[in-house]
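One structure below.
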Amino acid sequence: MYTYEGMLAETLTMAGHNGDLIEAYLARPLGMIQVPGVVVIHHMPGWDEWSKEVTRKLAYHGYAAICPHLFSRWGPGRWDDLAAAARAAGGPPDAQVMGDIAAAAQLLRTQPWANGKVGVIGFCSGGRHAYIAACRVPGLDAAVDCWGGRVVVRPEELNERQPEAPIAMTKDMACPLLGIFGNEDTNPDPAQVDRIEEELRKYGKQYEFYRYDGAGHGFFAVDRPSYRPQQAVDGWQKVLAFFERYLRTGAAGSSR
Amino acid sequence: MCTMICKTAAVQGQGKGQAGWIALTHVHVAYDHPVQAPFEHALMLDFVNEAAGPEARLVVELSPEAARALLRTIEEVLVAAEAQSSVGAPAGAGER
C-alpha cells in the first residue's frame with residue numbers, strides 16, 4: 001500500500017496591506033483537511049526561487065504555506081528587478097509588511113481546508129519581520145525568526161520606514177517564538193542574540209533559541225555559500241517540531 | 001546579514017540590456033546579498049532608467065576584489081584619456 005502525496009503550488013493575487021493587490025505563492029498538501037498555515041516571509045534578495053522552495057517544503061510537511069511578494073508594489077516586473085528597486089528605495093515600510101503578513105495569515109485561516117492556526121517564518125530581513133509580526137500582528141499562533149538582523153538597533157538606524165526597534169516591541173509579543181542563529185553571524189551577532197534573550201526573559205515570553213557553531217548568516221540557503229547542511233538539517237527539525245507543537249497538536253502559547 | 005547599504009548617483013549614458021539599449025539616468029551601488037553571484041555579499045551596480053520601470057536596468061554583481069579592480073581600471077583609463085585631452089570635466093553627475 002502506497003501513501004498518497006500530492007501538492008498544489010501556485011501563484012495568486014491577494015489583497016495585502018490597505019487592500020493593495022499583491023502577488024503571493026501558495027503551496028499546500030492535497031487530500032488533507034484541518035491543515036495548519038504558515039506565512040513565509042522572504043529575505044531582502046527578494047521573492048526568489050529559494051523562498052518558493054521553502055514554501056513547498058512546508059507543504060511537503062503538511063502545512064499550507066503562503067509567501068507574499070513584499071516588493072509587489074514596485075512592479076509589475078520580474079522578482080529580481082523588483083528586489084533591486086526595493087533595495088534602492090530602502091526596503092518596504094514595516095507597517096506595510098505587517099499588513100501584508102496579516103492579510104496572508106487571514107487568507108490561510110479562512111480556507112475550507114484550514115485548521116485555523118497560522119504561524120510565520122522569516123529569514124534574514126524576513127526574520128526581523130517575523131519578530132515584529134509576533135508583536136504586532138494579532139492572532140498568530142507561532143513565529144520563527146531565522147537570523148533576523150536589526151532586531152537590536154541603535155536609535156540613529158531608525159527611519160521613516162523602520163521607525164521602531166523590534167526589540168522595543170518585545171513586551172507585546174503574543175505568540176511563542178523560535179529563534180535560529182549562527183554563532184558566526186555578525187548581524188545578529190551572539191551578543192545581540194543574548195540581548196534579545198534577555199528582553200524575552202524580562203517579559204516572561206515563551207521562546208526557544210538554537211544557536212549553531214560553524215554557521216553564520218543564512219545557513220539554510222542551499223543556493224548560497226553560507227549553506228551549512230548539518231546545522232540546516234538540525235535547524236529545520238527544530239522549526240518543524242515547533243510548528244507541529246503550536247499549529248497542529250493544539251498546544252497554546254503562554255505568551256498570549 | 002542584509003547590509004541595506006545602497007547609494008545612488010545620477011548618470012548620463014546608454015546601456016544595453018534584455019530590452020536593447022536604454023538611456024541611463026541613475027546607478028544604484030549596493031553591497032548586499034546578490035541574486036546570482038556565488039558570494040555571501042557582492043558589490044552590485046544597477047544601472048537604471050527610473051522613468052522606464054523596474055525592468056529597465058543593467059546589473060552586475062561583483063566580488064569586492066573585482067569591484068576595486070574595476071574602480072582602479074576605470075581611473076587608469078580616464079587618466080590615460082585625460083592625457084590625450086579627450087575627457088572634459090564631469091557634467092550632470094552627482095550622488096543623491
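The values are calculated or read from the model by the stated rules, or taken from the named source; none is laboratory data. Predicted, not measured: the structure shown is a model, and the values here were computed from it. So basically every Cβ, Gly included, is an ideal-geometry build from the backbone, and we count neighbours across all protein chains shown.
Restricting the first member to region A:59-73 and to residues that are among the aromatic types (F, W, Y), and the second to residues that are assigned to a loop (DSSP other than H, G, I, E, B), the beta-carbon pairs closer than 8 Å and six or more apart or on different chains are A:Y60/A:E5; A:F71/A:G46; A:F71/A:W47; A:F71/A:P92.
Out of (1) buried (at least 19 other Cβ atoms within 10 Å of the Cβ); (2) within 14 Å of chain B (Cβ to nearest Cβ); (3) touching a residue at least 60 places away in the same chain (Cβ under 8 Å); (4) touching a strand residue (DSSP E or B) at 6+ places or on another chain (Cβ under 8 Å), the odd one out for A:D81 is which? Exception for A:D81: condition (3).
Just to be sure before I move on: is A:V54 farther than 30 Å from B:T8 by Cβ, in contact (Cβ under 8 Å) with a residue 60 or more places away in the chain and touching a strand residue (DSSP E or B) at 6+ places or on another chain (Cβ under 8 Å) in the structure I sent? Talk me through it step by step, then tell me what you get.
Details: farther than 30 Å from B:T8 by Cβ: yes; in contact (Cβ under 8 Å) with a residue 60 or more places away in the chain: yes; touching a strand residue (DSSP E or B) at 6+ places or on another chain (Cβ under 8 Å): yes.
Taking the combined requirement at face value, the residue satisfies it.
I'd like to check something: does region A:148-155 contain any residue that is touching a Phe, Trp or Tyr at 6+ places or on another chain (Cβ under 6 Å) and at positive phi? So far as region A:148-155 goes, no, none of its residues is touching a Phe, Trp or Tyr at 6+ places or on another chain (Cβ under 6 Å) and at positive phi. Restricting attention to region A:197-228, the residues that are within 16 Å of A:C135 (Cβ to Cβ) and within 12 Å of chain B (Cβ to nearest Cβ) add up to 0. Residues in region A:170-189 that are surrounded by fewer than 17 Cβ atoms within 10 Å (Cβ to Cβ) and either away from every other protein chain (no Cβ under 13 Å) or among the hydroxyl-bearing types (S, T, Y) (or both): 4 in all. Screening A:G126 on (1) out of contact with any helix residue (DSSP H, G or I) (no Cβ under 9 Å at 6 or more places or on another chain); (2) among the small types (G, A, S); (3) within 14 Å of another protein chain (Cβ to nearest Cβ) shows it passes everything except condition (1). Please enumerate the residues belonging to region A:42-79 that are in contact with a Pro (Cβ under 8 Å, 6 or more places away or on another chain) and under 15 Å from A:V239 (Cβ atoms). If the condition is that a residue be in contact with a Pro (Cβ under 8 Å, 6 or more places away or on another chain) and under 15 Å from A:V239 (Cβ atoms), then A:A59, A:Y60, A:G62, A:Y63 are the ones that fit.
Search region A:2-38 for residues being outside any strand (DSSP E or B) and among the acidic types (D, E), and hand back the single one that is modelled with the lowest pLDDT.
Looking at residues that are outside any strand (DSSP E or B) and among the acidic types (D, E), I get A:E5.
A search for C-beta distances below 8 Å between a residue of region A:156-170 that is without any contact (Cβ under 8 Å) to a residue 12 or more places away in the chain and any residue that is of a type in the set (K, R), counting only pairs 6+ apart in sequence or on different chains, returns A:E157/A:R150. So for region A:147-155 (the condition being away from chain B (no Cβ under 14 Å) and within 18 Å of the chain's Cα centre (by Cα)), does at least one residue qualify? No, there is no match, as no residue in region A:147-155 is away from chain B (no Cβ under 14 Å) and within 18 Å of the chain's Cα centre (by Cα).
If we keep just the residues of region A:230-256 that are more than 18 Å from A:H61 (Cβ to Cβ) and modelled with pLDDT of 95 or more, which is surrounded by the most Cβ atoms within 10 Å (Cβ to Cβ)?
If we filter region A:230-256 for residues that are more than 18 Å from A:H61 (Cβ to Cβ), which is where we start, we get A:230-231, A:252-256.
Adding the requirement that they be modelled with pLDDT of 95 or more leaves A:230-231.
On the way: A:Q230: 11, A:Q231: 20.
Within region A:230-256, the match that is surrounded by the most Cβ atoms within 10 Å (Cβ to Cβ) is A:Q231.
Considering only residues that are in a strand (DSSP E or B) and under 28 Å from A:S226 (Cβ atoms), look in region A:39-70 and name the one that is nearest to the other protein chains (Cβ to nearest Cβ). Checked region A:39-70; the qualifying residue nearest to the other protein chains (Cβ to nearest Cβ) is A:I41. Which one is farthest from the chain's Cα centre (by Cα), of the residues in region A:13-33 that are surrounded by fewer than 11 Cβ atoms within 10 Å (Cβ to Cβ) and farther than 12 Å from A:A103 by Cβ? Across region A:13-33, the extreme among qualifying residues is A:G31. Here A:D94 passes the criteria (1) within 14 Å of another protein chain (Cβ to nearest Cβ); (2) surrounded by 24 or more Cβ atoms within 10 Å (Cβ to Cβ) except the one numbered (2).
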